[in-house]
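Asker: First the structure, which I've put down as structure tokens, then a few questions once you've had a look.
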Amino acid sequence: MRIAFYAPLKPPHHPNASGDRTMARLLIAALQQGGHRVDIASILRSRDGTGNADRQERLRRLGLELAERFIRRCRVDPARRPALWFTYHLYYKAPDWLGPRVAEALGIPYVVAEASLAEKRRDGPWRLGHDATAAAIRRADAVIGLNSADRAGLLPALGHPERWQTLKPFLPVAPFAAARAGRDASRAQLAAEFGLDPSLPWLVTVAMMRPGDKLASYRLLAEALARLPKTPWRLILIGDGTARAAVADALAPFADRIVWRGRLDQSALAATLAAADLFVWPAINEAYGMALLEAQAAGLPVLAGVSGGVPDLIADGITGRLVPPHDAAAFAAALADLLAAPATRRRLGEAAAARAAAEHDIATAAQKLDHLMRRLTGDGTP
């Protein structure tokens, strides 16, 4: 079937990498794997990050104008009419001004994925965006939840709990499984290239370096590492961004124990993850963290702080370790335990890889999405 896809926060082809862009692309790929044609309905970014009422009103008017254009095109050329509208990631700062109007006018199902609703924004500077998001949730035929932490806030607007459809975060597991199979060769190559001692445990972190929660997580990681001055380890950092200098400053006391890899393509990323021993990330205010899933798919145990949907990905004591949020002491204690127990790390890593393959592969997501799309449209054919 033909599906109109819209991401109001960031279009799938935006030049700046992020977890949000990655998931948008993965959703499109999963829908296509299910045999559907996916058209990008609009590239309008509806996000207002400052609470500017005038800007929000301009975006509202522009969004509604673009919706009317879309409707007119479909009526002039019925072959362009989608069978379903699919919006990814809407919340009070980035509402969907197009989808509900188009779905209503064309009489097609309206589906949203990864939505959140914060009642505390009802009377604040983002009231317009909050109200629009609440209306979109009420209008939605299904809300696909990638983060279980969003469910409680959405239920009052959903009305019927069955409209909530759980979809576990996913990715193509195969490239990471292949990298895991080549772990020894990748480890030897990295050891030679960067002077890493293969007899020491290698920690790895993958995250954008930007102000806010990401920088706060890097700083908490530095604080935790400082509590283990005599424990042997090396840290491989993968990522870049505007806060790189601040990240380097936070980790300066360990400069001789860190390898900076910058941004990597998927092949190099998978190989580096598979070659390491433990993924570490405090995950402050993380929605769920695609990097955590990539690490597990590559056979790595993960040590992370509890936040949002992170527990949806990491089974504490089974595929990794979870510690209280914002707690450097707890993070350091768990890290010390894992560094001292290579057999435990291997056991957790093996379980992480198995769980990623069984529950988080794109093929599983494609099947579930296809079933939902067909049920909502009543279409039994591709």
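Asker: Restricted to Cα positions, what overall size does region 29-93 have along the principal axes? Three whole-Å values, descending.
Answerer: Computed over region 29-93, the largest-to-smallest principal extents equal 40, 30, 13 Å.
Asker: Looking at the square roots a ≥ b ≥ c of the eigenvalues of the Cα gyration tensor of region 192-251, which shape do they give, rounded for a/c under 1.5, prolate if a/b is larger than b/c, or oblate?
Answerer: Cα axes put region 192-251 in the oblate bin.
Asker: Enumerate the whole-percent occupancy of each 5 Å bin, from 0 to the last occupied one, for all C-alpha pair distances of region 125-195.
Answerer: 3, 14, 15, 13, 10, 7, 6, 7, 8, 8, 9, 1
Asker: Now, a different point. Report the local net charge at Ala298: Lys and Arg +1, Asp and Glu -1, summed over other residues whose C-beta lies under 11 Å from its C-beta.
Answerer: +1
Asker: Name the long-range amide H neighbours of Met208: under 5 Å, sequence gap of 5 or more, or other chain; modelled H, no Pro or chain starts.
Answerer: Those lying under 5 Å, H to H, from Met208: there are none.
Asker: Something else about it: Can you list the lysines whose alpha carbon sits under 17 Å from that of Lys168, skipping same-chain ones fewer than 8 residues off?
Answerer: Cross-link targets: Lys368.
Asker: Loop only by DSSP, 16 or fewer other Cβ within 10 Å of the Cβ. Give me the trypsin sites (Lys or Arg not before Pro) in region 193-271 that pass, ordered by residue number.
Answerer: Listed in order of number, the matching sites are Arg227, Lys230, Arg263.
Asker: Quote the relative contact order of the chain in percent (integer), defining contacts as alpha-carbon pairs under 8 Å separated by 6+ residues.
Answerer: For the chain, the relative contact order is 15 percent.
Asker: Next question, about the same structure. Need the list of lysines near Lys120 for cross-linking: C-alpha distance under 17 angstrom, and skip anything on the same chain fewer than eight residues off.
Answerer: Within the straight-line limit of under 17 Å, Lys120 reaches these lysines: Lys93.
Asker: Within 10 Å of each residue's Cβ, count the other Cβ atoms and sort Leu158, Leu303, Leu335 from fewest upward.
Answerer: Taking fewest neighbouring Cβ atoms as first place, the list is Leu158, Leu335, Leu303.
Asker: Next up: Under a straight-distance cross-link criterion of Cα-Cα below 17 Å, which aspartates and glutamates are reachable from Lys10, leaving out those fewer than 8 residues away in the same chain?
Answerer: Answer for Lys10, where 17 Å is the Cα cut-off: Asp20, Asp39, Asp48, Asp96, Glu114, listed by chain and number.
Asker: Using the Karplus curve 6.51 cos²θ - 1.76 cosθ + 1.60 with θ = phi - 60°, work out ³J(HN,Hα) for each residue of region 117-134 in order, rounded to whole Hz, and write x for Gly and Pro.
Answerer: 9, 10, 4, 5, 8, 4, 10, x, x, 9, 4, 4, x, 4, 5, 5, 5, 4
Asker: By the gyration tensor of its Cα atoms, with a ≥ b ≥ c the square roots of the eigenvalues, what is the shape of region 218-340: rounded for a/c under 1.5, prolate for a/b over b/c, or oblate?
Answerer: Rounded.
Asker: Which distance in Å, rounded to a whole number, links the C-alpha centroids of region 43-58 and region 127-196?
Answerer: Answer, in whole Å: 25.
Asker: Give me the distance between the Cα centres of region 254-268 and region 98-116, rounded to whole Å.
Answerer: Between the Cα centre of region 254-268 and that of region 98-116, the gap is 41 Å.
Asker: To continue, here is another question. From the list (i) 1.04; (ii) 0.96; (iii) 1.00, can you say which value of Rg/Rh (Cα atoms, Kirkwood Rh) was derived from the structure given?
Answerer: The value computed from this structure is option (iii).
Asker: Assign unit charges at the C-beta atoms only (+1 for Lys and Arg, -1 for Asp and Glu), then state the dipole size of the chain relative to its Cα centre in Debye, rounded to the nearest 20.
Answerer: Approximately 820 debye in magnitude.
Asker: Compute the semi-axes of the equivalent ellipsoid of region 1-61, taking the square root of 5 times each eigenvalue of the Cα gyration tensor, and list them largest first in whole Å.
Answerer: 26, 14, 7
FYI, it's all coordinate maths here, none of it is from the lab. Because the structure is predicted, anything quoted here is derived from the model rather than measured. As a convention, Cβ positions derive from the backbone with ideal geometry for all residues, glycine included, and neighbour counts pool all protein chains shown.
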